[in-house]
């Protein structure tokens, strides 16, 4: 298994480590998932997300290439701005969801860890014109500092004015003296920043130690994969491999807002045109369960005892103190307020379909 530059820090913090996307990653720390979750919602938490992939796209035709390969409108990006998007197969299935950064002379794509090789090969197979694609994943460290006190934690260490940095914008600067890209992004629904810098263990340790020292007065906590999942699910954010994959298209997955059909042709567009013409047959919805009930990925969703869909994600919400989940159901069952059954160990437990996000972020 690969290890991130923060591995020694995870060992020092007593993390429980598991294999994830080929990396040895912390799933939780001794304080537990609920404590880590609460730290991000109320104060500040720190995630090692160095397992994520980063590609650099350069050349005269880089923008045109990305316009053809992603669903969002790359022409709307200006230097210093990031964009949430997706890459599709020709049949409309999702290769991956990703972030696109306009870094001036090049674009940076941030892709899911489990999809690095697949994404790179797919993009490489569609290269044309003056475009160079480079996988920078192994030389890039990525730390996410998230929560209402994330700005107060980072500002004393930072060379730029974080308060003036809008959502989905980024600048180059330093944190604890280390040069990096400082991005106001994250996948928790809270105020937060993502820090991209050279994957050097001494630099990583210096940044980690400085951030934790600065955030100590707020009750800062390291956060593992377990709380990362509960935090994103409370916000109704999709997880690739669970809620979206090659069998789902962005229109049924609630990602129509990033799918700019009017921008012109892109890979997968014709398939989406057919989906629009025939109307979306199923939708990804959120649901809540009675307090003690928990739905898990793969559980059946039922209507009148008949299976009509599948749970894609499910967990216990520390904020709501009840089970929450997402799954695909037929379009006519997708309205908020409808009830479907979740087959939990042979018993159909009633679940109420609700709008996402499940909670309001602070």
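Quick note: the coordinates plus some simple rules give every number you see, no bench work behind them. Everything numeric in this text was worked out from a predicted model, so none of it was measured. Neighbour counts are summed over all protein chains in view; Cβ atoms, including those assigned to glycine, are modelled from backbone coordinates with ideal geometry.
Calculate for the chain the 222 nm mean residue ellipticity that helices alone would give, adding -39,500 (n - 2.57) per DSSP H run of length 4 or more and normalising by residue count, nearest 500 deg cm²/dmol.
Estimated from H runs of four or more residues: -6000 deg cm²/dmol.
At a Förster distance of 22 Å, what's the computed FRET efficiency of residue 320 paired with residue 345, Cβ-Cβ distance as r, to 0.05? Computed FRET efficiency for residue 320 and residue 345: 0.50.
Residue separation times 0.36 nm, minus the C-alpha to C-alpha distance between residue 3 and residue 213: what's the value?
Details: separation 210, 0.36 × 210 = 75.60 nm, distance 2.37 nm.
Extra length from residue 3 to residue 213 when fully extended: 73.2 nm.
State log₁₀ I(q)/I(0) for the range 294-355 at q = 0.13, 0.18, 0.20, 0.24 Å⁻¹ as given by the Debye formula over alpha-carbon point scatterers of equal weight, solvent excluded. These q points yield log10 I(q)/I(0) values of -0.29, -0.56, -0.69, -1.00. Comparing 53, 14, 341 in a Gaussian network model of the chain (Cα springs below 10 Å), the most mobile by mean-square fluctuation is 14.
By the equivalent-ellipsoid construction on the alpha carbon gyration tensor, the range 237-354 comes out with semi-axes of 28, 15, 12 Å, ordered largest to smallest.
Taking neighbour counts of Cβ atoms within 10 Å as a proxy for exposure, in what order, fewest first, do 103, 238 appear?
Values: 103 16, 238 24.
Neighbour counts put them in this order, fewest first: 103, 238.
Give me the distance between the Cα centres of the range 135-171 and the range 253-271, rounded to whole Å. Centre-to-centre (Cα) distance: 30 Å.
Once the chain from residue 206 to residue 161 is taken as fully extended at 0.36 nm per residue, the excess over their C-alpha distance is 14.1 nm. Label sites at residue 273 and residue 338, each approximated as a point 7 angstrom past Cα along Cα to Cβ, lie 2.9 nm apart. Taking 7 Å steps out from each Cα toward its Cβ at residue 331 and residue 64 produces label points 3.6 nm apart. Expressed to the nearest 5 percent, the antiparallel share of DSSP beta bridges inside the chain is 95 percent. Length gained on full extension, residue 121 to residue 19, computed as 0.36 nm times the residue gap minus the Cα-Cα distance: 34.4 nm. Report the calculated FRET efficiency for residue 262 and residue 12 (r = Cβ-Cβ distance, R0 = 56 Å), to the nearest 0.05. The formula returns an efficiency of 0.65 here. Given [x] 51, 44, 37; [y] 61, 52, 39; [z] 61, 51, 44, which label gives Cα extents along the principal axes in Å as computed from the coordinates? Identified label for the calculated read-out: [y]. Going from the residue with the fewest nearby Cβ atoms within 10 Å to the one with the most, 117, 230, 153 rank 117, 230, 153.
Taking the fewest neighbouring Cβ atoms within 10 Å as the starting point, the ordered list for 10, 126 is 126, 10.
Assuming R0 = 35 Å, what is the FRET efficiency of residue 90 and residue 172, from their Cβ-Cβ distance, to the nearest 0.05? Show your work: numbers first, answer last.
Details: r = 37 Å, r/R0 = 1.05.
It comes to 0.45.
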